[in-house]
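Written out below as structure tokens is the structure these notes cover.
The values are calculated or read from the model by the stated rules, or taken from the named source; none is laboratory data. Just so it is clear, the model here is predicted, and its values are computed rather than measured. No Cβ is skipped: glycine too gets one built from the backbone with ideal geometry, and neighbour counts run over all protein chains shown.
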Amino acid sequence: MQNGLPSEPAERTPSERTLASRRVYEGRILNLRVDDVELAGGGRAVREVVEHRKAVGVLALTGRGSVFLVRQFRYAVGEETLEICAGLVEEGEDLKEAAAREMREELGHSPGVLREIGTLYASPGFCTESLTLFLAADLSVSRLPQDDDENVQTSEVPYDGIPALLSGGAVKDAKTFAALSWFLACKSGAGGMAENIVF
């Protein structure tokens with residue numbers, strides 16, 4: 001044990017074995033699959049799996065002590081959300097290309113520097129979507145048109161305003177909560193200076 005954390009990974013739970021699989025829905029960005037599985041102890045269960053394309057999210061530093069976030073109405077939850085710039089990876093794109101394109105579409109800026117900071121699963125209990133997060137800096141104006149079904153508004157949030165957003169419940173989007181929390185932790189470890197975060 002080191003710093004209160006286990007030094008060795010916990011013993012892995014034996015995997016489940018797929019006995020049968022059927023796709024019950026195919027959509028534009030996701031499919032729904034229903035699998036019959038054999039559990040480690042010999043029992044059986046049904047797993048409903050949403051197959052989802054990969055996505056990227058970008059926390060963009062403006063260079064003036066603030067970050068860019070976006071506001072948009074999310075139909076699935078019935079409310080406007082405050083999020084980092086994000087979107088799906090198109091066929092043939094690598095992750096950095098997708099991140100830079102989403103920045104141009106949603107923020108109207110291109111990154112001079114783009115650092116991958118981690119990959120997370122959106123909801124691993126039922127969904128295959130993996131979302132890779134980036135930190136962007138040295139921005140320059142460069143705009144692409146938004147997607148036809150998007151109405152994204154850019155917001156600029158000062159660094160010292162981020163803790164209140166997180167603690168006050170203004171950020172309900174998981175990837176945004178993760179990216180902003182990561183940023184605050186790194187900024188604290190870099191002497192409070194975002195510029196000291198190593199790209």
* With respect to the numbered conditions (1) touching an Asp or Glu at 6+ places or on another chain (Cβ under 9 Å); (2) surrounded by 12 or more Cβ atoms within 10 Å (Cβ to Cβ); (3) not basic (Lys, Arg), which one is the sole condition not fulfilled by Ala60? -> (1)
* Asked: What residue, among those in region 85-144 that are in contact with a Gly (Cβ under 9 Å, 6 or more places away or on another chain) and of a type in the set (Ser, Thr, Tyr), is modelled with the highest pLDDT?
  -> Thr132
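Could you tell me which of the residues Gly161, Gly118 is on the phi > 0 side of the Ramachandran plot and out of contact with any His (no Cβ under 7 Å at 6 or more places or on another chain)? I'd like the intermediate steps shown before the answer.
Details: Gly161 fails: on the phi > 0 side of the Ramachandran plot.
Of the residues listed, the single one that is on the phi > 0 side of the Ramachandran plot and out of contact with any His (no Cβ under 7 Å at 6 or more places or on another chain) is Gly118.
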* Asked: Name the residues in region 108-133 that are aromatic (Phe, Trp, Tyr) and closer than 16 Å to Phe177 by Cβ, would you?
  -> Tyr121
* Can you pull out the strands (runs of 3 or more DSSP E) entirely within region 32-75 that have at least 1 residues that are in contact with a Lys or Arg (Cβ under 8 Å, 6 or more places away or on another chain)? -> 44-52, 55-61
* To do: Kindly list, by first and then second residue, each pair from a residue in region 70-95 that is hydroxyl-bearing (Ser, Thr, Tyr) to a residue that is surrounded by 10 or more Cβ atoms within 10 Å (Cβ to Cβ), limited to pairs with Cβ atoms under 6 Å and residues at least 6 apart or on different chains.
  => Thr81/Arg74; Thr81/Asp173
* Asked: From the list Glu116, Glu90, which one is within 21 Å of Arg74 (Cα to Cα) and in contact with a helix residue (DSSP H, G or I) (Cβ under 9 Å, 6 or more places away or on another chain)?
  -> Glu90
* Asked: In region 102-154, which residues are over 30 Å from Val34 (Cα atoms), in a strand (DSSP E or B) and either free of Cβ contacts under 8 Å to residues at least 60 places away in the same chain or not assigned by TED's automatic domain parsing to the domain that holds Leu69 (or both)?
  -> His109, Ser110, Leu114, Glu116, Ser140, Val141
* To do: Mind listing whichever residues of region 23-49 are of a type in the set (Lys, Arg) and modelled with pLDDT under 95?
  => Arg28
* Asked: For residues in region 185-199 being of a type in the set (A, V, I, L, M) and surrounded by fewer than 15 Cβ atoms within 10 Å (Cβ to Cβ), which is modelled with the highest pLDDT?
  -> Ala185
